[in-house]
Amino acid sequence: MQLVAATGLALTHAGLIVSYLILNVPLASTLMATFFFSVPRELEESAEVDGASRLQIFFKIVSMTSLPAYASTAILVFIQVWNEFLLALTLSTPYTTTVQVKLTEIKGSYVALYNLQMAAALMTVLIPLGFFLLLGKYFIRGILAGALKG
């Protein structure tokens, strides 16, 4: 937090984004690295024999076979950032607050309006659910890719 305050990013959207990047890049890097290591070396060698450069091999062979890993990593990081509460609570203002913080503000001090709380909770769940439904088939394939040897 001192780093964010020293750079002038405190209480801004950019500060939240940088904080989430610092927290989630190690996880994403580890997940992607394990998947890249599982790509068969024979694919790269056959592309090299066909005359492809190292960049072409990466972008046309390795990246295309890694689409399930990209989807799995995107879903995991998105869900983690979407559900994160403590950092958003401490680094946000009324103008930069996240959905999770707003969801807790709906709870009244004296009156509990359950209909409003449940409607807000449903709206909060719809975006990650849609994201998962969109990328779900790749997610399952990406998670199973490192587990199955074939």
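Selection of helices (runs of 4 or more DSSP H) fully inside the stretch 81-150 by the criterion of at least 3 residues being at pLDDT 90 or above and farther than 27 Å from Ala10 by Cα returns 114-145.
Checked against the criterion of being over 16 Å from the mean Cα position of the chain (by Cα), part of a helix (DSSP H, G or I) and modelled with pLDDT of 85 or more, the candidates Ser29, Ser63 yield just one match: Ser63.
Go through the stretch 49-72 and report how many residues are open to solvent by 60 Å² or more (accessible area, probe 1.4 Å), over 24 Å from Val25 (Cα atoms) and among the hydroxyl-bearing types (Ser, Thr, Tyr). Number satisfying all stated conditions: 0.
Mind listing whichever residues of the stretch 36-48 are open to solvent by less than 90 Å² (accessible area, probe 1.4 Å) and either under 14 Å from Ser66 (Cβ atoms) or of a type in the set (A, V, I, L, M) (or both)? Within the stretch 36-48, Phe36, Ser38, Val39, Pro40, Leu43, Glu44, Ala47 meet the criteria. The residue pairs whose first member lies in the stretch 5-18 and is closer than 16 Å to Phe85 by Cα and aliphatic (A, V, I, L, M), whose second member is at pLDDT below 85 and surrounded by 12 or more Cβ atoms within 10 Å (Cβ to Cβ), and whose beta carbons are closer than 7 Å, counting only pairs six or more residues apart or on different chains, are Leu11/Leu91; Leu16/Leu91; Leu16/Ser92; Val18/Val4; Val18/Leu9.
The values are calculated or read from the model by the stated rules, or taken from the named source; none is laboratory data. Here the structure is a predicted model, which is why all the values come from computation and not from measurement. Cβ sites come from the backbone with ideal geometry, for glycine too, and all protein chains shown count toward neighbours. Please note that ligands, DNA and RNA were not included when accessible areas were found on the heavy atoms of the full protein model with its side chains. Shrake-Rupley method; radii C 1.70, N 1.55, O 1.52, S 1.80 Å.
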